[in-house]
Amino acid sequence: MSEHVDTAVRGPQAYAIARQAIEAMESAKVWPTPLNFELWLHYISTPDSPLSQEMRRLLDMHTAFTDAVSESLATEFLPRSRLSEEIRDAGAVLNRELAAVAIAIDKAREIQVQYADTLSDAKVQLNQSVPPNPLVELVGTLSKATRRIQRHTVVLEKRLESSHTEVNKLRTHLEQVRRDAMTDALTNLANRKAFDEKLEALCASVDLTGATISLAVVDIDHFKRFNDTWGHQTGDQVLRYVASAIARITTSTRISARYGGEEFVIAFTEENVAQVEDILNTLRVDIASRALRRRSTNDDLGVVTISTGYATRQPKETPFELMERADAALYVSKRAGRNRTTSAEDAPKPKIVTTV
Ligand code: C2E
């Protein structure tokens, strides 16, 4: 196992290095995926590192930089825990770089249009003002030169136009990659990382405004039994079913995520405790209101239920502490027989609500 490397590139040279990395990728016919960009940033900025030496060896052997090759380099050399952060950083640098290139392209096009107009005007003026005789030939030559430059300008414009399109495509692609990195692929809800970041930011902002946040943890009851009885594919459908009900109650001020396994989280920023409890109970009843069927065999899967626990944030409480209290309330719901909602306030004596 080779020694791990630091791939962060910051400081005054960062943009120049980013440009060189893109050029190097293009000349080596390597697609500018976020991971490749990260590898090549490192290759340009730290040419003597073990990772760069290995990349050079692969290039010398004319090895194609397929996704599998890049992934295996990343696995061997890049610190795993920081990988996605690094990719997002590199993506942001590339995005800024691309925006600057796009502006430069626009400016160049504008200048070229002005230049072509100036030449056309000069041609008209010369044709009008110069009397016949020795200057006629000169006018003809200038006109020809003008037309040639105009033709050239059109070619250059087309080339710039296509670069512009490529730049925009690349930027859209990077934005998609960044969105994917924050989304749980199975359920399309936000993933744990995205939620942690948002909750952290929310807590910091309500410390300033004095607003309230409540956090709910939602867990599918007997999910393991579903998986063991009906298989993982059906288990996945159950996750999607619950996620879809959670997505229906998600708004711009009520954020949700699949937190891991069969556990989901919802952060409420505008509701008081009674409203939070109401919404969670409505969600719980909604989810339990349908009997699911196994798609492949039409077997009756029965009803899916959820248990929830929620806590309202106390002043200065960290997201971790808030989550711990919501988790403790969830645990009380589970212990009390599942398919119920418990507030952290009631955690020692769980409040049992009507089950369906
Ligand atoms: P999906 O299969 O992609 O279905 C998405 C949405 O299409 C469903 O959202 C529902 O509104 C509609 N839909 C799909 N199939 C049917 C159908 O046969 N009848 C009706 N009336 N509507 C249908 P919904 O209900 O929120 O479900 C979200 C996801 O949960 C589904 O995604 C699927 O993955 C899972 N799911 C829901 N019900 C069942 C079920 O009975 N059996 C299984 N295996 N999975 C289910």
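Show the residue pairs that are 6+ apart or on different chains and have beta-carbon atoms under 9 Å apart, the first residue being within the stretch 59-76 and closer than 12 Å to L39 by Cβ, the second being open to solvent by 80 Å² or more (accessible area, probe 1.4 Å).
So the pair list comes out as F65/K29; F65/W31; D67/W31; A74/R80; E76/M1; E76/H4.
Is at least one residue of the stretch 44-51 more than 25 Å from A181 (Cβ to Cβ) and charged (D, E, K, R)?
Yes, there is a match, as at least one residue in the stretch 44-51 is more than 25 Å from A181 (Cβ to Cβ) and charged (D, E, K, R).
Just to check your reading of the model, which residue among L199, L239, L215 is at pLDDT 90 or above and within 16 Å of the ligand (Cβ to nearest atom)?
That would be L239, the only listed residue that is at pLDDT 90 or above and within 16 Å of the ligand (Cβ to nearest atom).
So I220 passes all but one of these: (1) within 14 Å of the ligand (Cβ to nearest atom); (2) free of Cβ contacts under 8 Å to residues at least 24 places away in the same chain. Which condition number does it fail?
(2)
Looking at the stretch 292-327, which of its residues are over 14 Å from V265 (Cβ atoms), at pLDDT 95 or above and more than 16 Å from the ligand (Cβ to nearest atom)?
Listed by number, the list holds a single entry, T312.
Is it fair to say I249 is open to solvent by 30 Å² or more (accessible area, probe 1.4 Å), within 16 Å of the ligand (Cβ to nearest atom) and of a type outside the set (S, T, Y)?
Judged against the criteria, I249 is a match.
Restrict the check to the stretch 270-277 and report whether at least one residue is under 14 Å from V217 (Cα atoms) and away from the ligand (no atom under 16 Å from the Cβ).
yes
Within the stretch 282-317, track down each residue that is hydroxyl-bearing (S, T, Y) and open to solvent by 60 Å² or more (accessible area, probe 1.4 Å).
Result: T282, S289, S296, T297.
If you scan the stretch 278-291, which residues turn out to be hydrophobic (A, V, I, L, M, F, W, C) and within 11 Å of the ligand (Cβ to nearest atom)?
Applying the first criterion (hydrophobic (A, V, I, L, M, F, W, C)) to the stretch 278-291 yields 279-280, 283, 285, 287-288, 291.
Hits for the stretch 278-291 are I287, A291.
Going by the structure shown, is E262 acidic (D, E) and away from the ligand (no atom under 16 Å from the Cβ)? Steps first, please.
On the way: acidic (D, E): yes; away from the ligand (no atom under 16 Å from the Cβ): no.
Spelling it out, it is not the case that E262 is acidic (D, E) and away from the ligand (no atom under 16 Å from the Cβ).
Please work out which one of (1) outside any helix (DSSP H, G or I); (2) surrounded by fewer than 22 Cβ atoms within 10 Å (Cβ to Cβ) is the condition T342 fails and give its number.
Result: T342 passes all but (2).
From (1) exposed (fewer than 13 other Cβ atoms within 10 Å of the Cβ); (2) at pLDDT below 80; (3) not aliphatic (A, V, I, L, M), pick out the condition that doesn't hold for E86.
All conditions are met except number (1).
The values are calculated or read from the model by the stated rules, or taken from the named source; none is laboratory data. Small disclaimer: the values here were computed from a predicted structure and weren't measured. For neighbour counting, all protein chains shown are included, and Cβ atoms are generated from backbone atoms with ideal geometry for every residue, glycine included. Ligands, DNA and RNA are stripped out before the accessible areas are found, and what is left, the full protein with its side chains, is counted by its heavy atoms. Shrake-Rupley method; radii C 1.70, N 1.55, O 1.52, S 1.80 Å.
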